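This report refers to the structure that appears directly beneath it.
The values are calculated or read from the model by the stated rules, or taken from the named source; none is laboratory data. Remember, it's a predicted structure, so these values are computed and weren't measured experimentally. Glycine also receives a Cβ, built like all others from the backbone with ideal geometry; neighbour counts cover every protein chain displayed. Ligands, DNA and RNA are excluded from the accessible area calculation, which covers all protein heavy atoms including side chains. Shrake-Rupley method; radii C 1.70, N 1.55, O 1.52, S 1.80 Å.
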Amino acid sequence: MGRLLLRLLFVVALPAVLVAVWWAASNGSTDPFWPPLRTILDTFPDVWTADRLRTDVVPSLLRLLGGYALAAAVGVALGTVIGSYRRVRAVCEPVLEFLRAVPPPVLVPVIMLFAGIGDTMKIVVIASGCVWPILLNTVEGVRAVDSVMLETARSYGVTGFARLRHLVLRSASPQIFAGLRQALSIGIILMVISEMFAANNGIGFTVVQFQRSFAIPDMWTGILVLGLLGFLLSVVFQLVERRVLGWYRGLRATTRRS
């Protein structure tokens, strides 16, 4: 119990300090663009009502999850193929490096030409940025699979989908989850950017509308919502990662003890 309380203290200590510093630094501020934190917190419940959560936050979450899921499927599938075959990797690497260097926000006008201005465009924008860390980490994870284990599986007749599922993807899963973690933060950023272009709802759209109407405290509440959303998604991701990679954590703990 004491260990749990100590861990909880470490988790909340830094956020509490940052909030206290923000409160003290902004207290008594008369700058219209830097309102006191007290004013922002007082405004928060009036702005983010249940109706606004339904009309703005839920659509943003659905777009984020759609783009993230699409990027995960494409990234893991292509990464597995590219990482498994040396010739495919030699052919694809120059093209992948070129495409990876193009910032996803630059592609928004191009994607709008082909996908329109609806949710499809936003999902594709999110996926176009999230796919790269997943793809590259999957490639490296698949390449790092132990050759002895591959030969052992081949000797025992473990081939095809069984080999892919139980050996290749399982061995590469720590790397894949590292890419998924990086992609999550990129996805939140691209979700906001995509909603700033030709949207009529969403968190990004709402924040821009507040800024354009000079409702600065309301705009700051939107930024807080994005921060809270990122934190909650990170917690959910950690829970899923801990469950899926439980075998890997146990293996590392056993290795350290030995």
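The set of residues from region 192-203 being part of a loop (DSSP other than H, G, I, E, B) and touching a residue at least 60 places away in the same chain (Cβ under 8 Å) comprises Phe197, Ala198, Ala199, Asn201, Gly202. Scanning region 179-187 for any residue that is out of contact with any helix residue (DSSP H, G or I) (no Cβ under 7 Å at 6 or more places or on another chain) and open to solvent by less than 40 Å² (accessible area, probe 1.4 Å) turns up nothing.
If you check Gly227, Gly222, Gly202, Gly187 for being within 30 Å of Leu37 (Cβ to Cβ), of a type outside the set (A, V, I, L, M) and in contact with a Leu (Cβ under 6 Å, 6 or more places away or on another chain), only one passes: Gly187. Within region 204-246, the set of residues being touching a residue at least 24 places away in the same chain (Cβ under 8 Å), part of a helix (DSSP H, G or I) and within 30 Å of Arg170 (Cα to Cα) comprises Leu229, Gly230, Leu233, Ser234, Phe237, Glu241, Val244. Selection of helices (runs of 4 or more DSSP H) fully inside region 109-176 by the criterion of at least 2 residues being β-branched (Val, Ile, Thr) and either within 13 Å of Val76 (Cβ to Cβ) or open to solvent by 70 Å² or more (accessible area, probe 1.4 Å) (or both) returns 119-143.
The residues on offer are Trp48, Trp34, and the sole one that is among the aromatic types (Phe, Trp, Tyr) and more than 26 Å from the chain's Cα centre (by Cα) is Trp34. The requirement of being open to solvent by 20 Å² or more (accessible area, probe 1.4 Å), closer than 27 Å to Arg242 by Cα and in contact with a helix residue (DSSP H, G or I) (Cβ under 9 Å, 6 or more places away or on another chain) is not satisfied by Pro103.
Among the residues of region 9-22, is there at least one that is surrounded by 12 or more Cβ atoms within 10 Å (Cβ to Cβ) and on the phi < 0 side of the Ramachandran plot? Yes, because at least one residue in region 9-22 is surrounded by 12 or more Cβ atoms within 10 Å (Cβ to Cβ) and on the phi < 0 side of the Ramachandran plot. Here is the figure for region 66-81: residues that are within 22 Å of Phe197 (Cβ to Cβ) and open to solvent by 40 Å² or more (accessible area, probe 1.4 Å) total 2. Of all the criteria given as (1) open to solvent by 70 Å² or more (accessible area, probe 1.4 Å); (2) closer than 24 Å to Ile126 by Cβ, the one not satisfied by Trp247 is (2). With the requirement that a residue be surrounded by 22 or more Cβ atoms within 10 Å (Cβ to Cβ) and on the phi < 0 side of the Ramachandran plot, what does region 200-219 give you? Ile203, Gly204, Thr206, Val207, Met219 - these are the residues of region 200-219 that are surrounded by 22 or more Cβ atoms within 10 Å (Cβ to Cβ) and on the phi < 0 side of the Ramachandran plot.
Taken over region 51-70, the criterion of being hydrophobic (A, V, I, L, M, F, W, C) and farther than 20 Å from Pro217 by Cβ is satisfied by Val58, Leu61, Leu62, Leu64, Leu65, Ala69, Leu70. With respect to (1) open to solvent by less than 40 Å² (accessible area, probe 1.4 Å); (2) more than 23 Å from the chain's Cα centre (by Cα), the lone exception for Arg63 is condition (2). Within region 176-191, residues that are in contact (Cβ under 8 Å) with a residue 40 or more places away in the chain have Cβ atoms under 8 Å from residues that are surrounded by 18 or more Cβ atoms within 10 Å (Cβ to Cβ) and outside any helix (DSSP H, G or I) in these pairs: Met191/Gly202, counting only partners at least 6 apart in sequence or on another chain. Residues that are exposed (fewer than 15 other Cβ atoms within 10 Å of the Cβ) and over 21 Å from Leu184 (Cβ atoms) within region 82-100 comprise Tyr85, Arg86, Arg87, Val88, Ala90, Val91, Glu93, Pro94, Val95, Glu97, Phe98, listed in sequence order. Scanning region 24-45 for residues that are at pLDDT below 85 and either in a helix (DSSP H, G or I) or surrounded by 10 or more Cβ atoms within 10 Å (Cβ to Cβ) (or both) returns a single hit, Ser29.
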